[in-house]
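Some notes on the structure that comes next.
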Amino acid sequence: MDSKVVGILGGGQLGRMMVEAASRLNIKTVILENGADSPAKQINSSAEHIDGSFNDEAAIRKLAEKCDVLTVEIEHVDVEALKKVQEQTSVKIYPSPETIALIKDKYLQKEHLIRNQIAVAESTAVESTAQALQSVGQKYGYPYMLKSRTMAYDGRGNFVVEDVSKIPEALEALKDRPLYAEKWAPFTKELAVMVVRGLGGDVHAYPTVETIHKNNICHTVFAPARVNDTIQKRAQLLAEKAVSAFPGAGIFGVEMFLLPNDELLINEIAPRPHNSGHYTIDACVTSQFEAHIRAVCSLPLPKNFTSLSTPSTHAIMLNVLGSPDPEEWLQKCKRALETPHASVYLYGKSNRPGRKLGHINIVSQSMDDCIRRLEYIDGKSGTLKE
Ligand code: ATP
Ligand code: MG
Ligand code: MG
C-alpha cells in the first residue's frame, strides 16, 4: 500500500484530512500550496512539499515529478498544466483534468449535466450588462440567482437579484467575473450525497444528507437526511447518475435542491471531498477521505463501504466558523469536548469571522439525541445529563 506517492493540489482542510487518511494506509502525500504553514502541510512533516500555486504550471510539474498520482482538494487549479502532465508523463491524475475543467466552470458543468439528461436548476449564460440582466428577470421572474461561472465558493460569487432595482448592485458585486443566471429554486430542503467513483467507472453513493446553509456557508449537516426512504434513494440514484457522467476516479460531492413537489434538482458538483461529507469520518464504515485515497490509488472499495456504521447510526456535523469575538468558536469546541459522542476536528487556521476553522461530529443512535447534544454545544441548553 505504501508504494504510491500521492500529490495533492491544495493544502487546506480537505487536503489535511486526505493526508490523515493516507497516512493510516502508509501512503505518502506531497502538498502543493503557497507557504509552509497550510493546514495539510502542518500535519505532514516532509521536505518534499512544494511552496507554490496550484495555478502555476512549473509548480504543478515539480509536484508531478515527485508523485505517481496527482489529485486535488480544490477545483480552481490550472487544468491545462494537468493535461500536459497527463500527456507527457506516466503520472495518473484523478479526477481527470477533463472532469475538473467541466466542473470548475459552473455553467459548463450545468451544460454537461443537461447533455447527460440530469435534472438541474434552469440557467442561462449572461453578459454583464443591465439590459441582459433585465431580460433574465423577464424570463425567470424575481428573485433569481446571478452566479459567477468560476472561482466560486461559500456563496462568494452569488448574488440574489431580488428585483429590477438590484441590478446595478448585482453588476457591481460580480464585476469582472464571467456570469450565468439561475432560476430561483424554491427548495424545501437542500440535500447532498457523496459518491465515490472507482477506476472502472463504478459509482458508490453514501447516504443522502440534509445541509443547512447560513449566509451561503454550510452550517450544519444532518445524516441521514430527514426525508422519506423514497427521496433518500432517489437522491442517491440521481447523484450516482450525475457522477457517472464525469470521467476519472475519486470522491465527488453532489449538492441538490428538494422542491415542494418532491422533484430533485442538482445544484452543483464538487470533484473532491466535500463539507457535507465530514460526518462520514465518524458515522460511516469508510470516511470520504479514505474512500478518495482508495479510489485514486486503485485500492479495494468493498461492498457497503459507504454505509452508515450501523443501521441506526445518526449524525450531525456542525461547522466551527470563525467569529468576531475570538472566544466564541473556542467555547463551542470546549462544550463539544464535554459532550459524549462528539468529536472535534480543528484545521490549524487562525480566526477570521466566517472562516471554516474546524468541524464537530456528533454521532448517536437517534437524531433526537444528536439534536439534544447539538443544543448543548451551541449554548442553547445549559445542561447535558449524559
Ligand atoms: P460552495 O461553497 O457550496 O461551493 P458556491 O459558492 O458554489 O458554494 P452555490 O452552491 O451555487 O455556491 O450556492 C450557495 C447556496 O446558495 C446554495 O447552497 C443555496 O442555499 C443557495 N442557492 C444557490 N443557487 C440557488 C438557486 N438557484 N435558488 C435558490 N437558492 C440557491
Ligand atoms: Mg460551489
Ligand atoms: Mg454549493
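Here, each number is a calculation from the coordinates, and none is a lab measurement. Keep in mind the model is a prediction, meaning the values are calculated, not measured. Using ideal geometry, Cβ is built from the backbone for each residue, glycine included, and neighbour counts are taken over all protein chains shown.
Numbers at a glance
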quantity: Total residues in the range 142-170, condition hydroxyl-bearing (Ser, Thr, Tyr), within 16 Å of ligand 2 (Cβ to nearest atom) and not in a strand (DSSP E or B); calculated: 1
quantity: Sole exception among (1) crowded, with 22+ Cβ neighbours inside 10 Å; (2) more than 16 Å from residue 247 (Cβ to Cβ) for residue 81, by number; calculated: (1)
quantity: Answer residue from the range 171-196, given it is in a strand (DSSP E or B) and among the aliphatic types (A, V, I, L, M) and is farthest from ligand 3 (Cβ to nearest atom) among those; calculated: 196
quantity: Tally, over the range 325-371, of residues that are part of a helix (DSSP H, G or I) and either closer than 23 Å to residue 39 by Cβ or not acidic (Asp, Glu) (or both); calculated: 13
quantity: The range 267-282 residues that are touching a residue at least 12 places away in the same chain (Cβ under 8 Å) and of a type in the set (Asp, Glu), paired with ones that are within 13 Å of ligand 2 (Cβ to nearest atom) and not in a strand (DSSP E or B) (beta carbon under 9 Å, 6 or more apart); calculated: 268/103; 268/106; 268/109; 268/110; 268/152
quantity: The range 184-212, subset among the small types (Gly, Ala, Ser) and touching a strand residue (DSSP E or B) at 6+ places or on another chain (Cβ under 8 Å), residue nearest to residue 278 (Cα to Cα); calculated: 192
quantity: Scan of the range 90-146 for residues that are crowded, with 19+ Cβ neighbours inside 10 Å, among the hydroxyl-bearing types (Ser, Thr, Tyr) and either free of Cβ contacts under 8 Å to residues at least 24 places away in the same chain or more than 17 Å from residue 181 (Cβ to Cβ) (or both), ordered by number; calculated: 94, 96, 99
quantity: Hits in the range 36-78 (condition: among the basic types (Lys, Arg) and either surrounded by 20 or more Cβ atoms within 10 Å (Cβ to Cβ) or within 13 Å of residue 17 (Cα to Cα) (or both)); calculated: 41
quantity: The listed residue being more than 11 Å from ligand 1 (Cβ to nearest atom) and farther than 30 Å from residue 248 by Cβ, out of 85, 160, 91, 164; calculated: 164
quantity: Residue 315 being away from ligand 3 (no atom under 16 Å from the Cβ), crowded, with 23+ Cβ neighbours inside 10 Å and not in a helix (DSSP H, G or I); calculated: yes
quantity: Per-region count, the range 185-241, residues within 16 Å of ligand 2 (Cβ to nearest atom) and in contact with a Cys (Cβ under 7 Å, 6 or more places away or on another chain); calculated: 1
quantity: Residues being surrounded by 22 or more Cβ atoms within 10 Å (Cβ to Cβ) and within 10 Å of ligand 1 (Cβ to nearest atom) - total across the range 257-268; calculated: 0
quantity: Any pair with Cβ under 7 angstrom, 6 or more apart, that starts in the range 238-257 at a residue that is touching a residue at least 24 places away in the same chain (Cβ under 8 Å) and among the acidic types (Asp, Glu) and ends at one that is in a strand (DSSP E or B) and within 16 Å of ligand 3 (Cβ to nearest atom); calculated: 240/195; 255/190; 255/192; 255/267; 255/268
quantity: Odd one out for residue 244, checked against (1) surrounded by 19 or more Cβ atoms within 10 Å (Cβ to Cβ); (2) of a type in the set (Gly, Ala, Ser); (3) touching a Lys or Arg at 6+ places or on another chain (Cβ under 9 Å); calculated: (1)
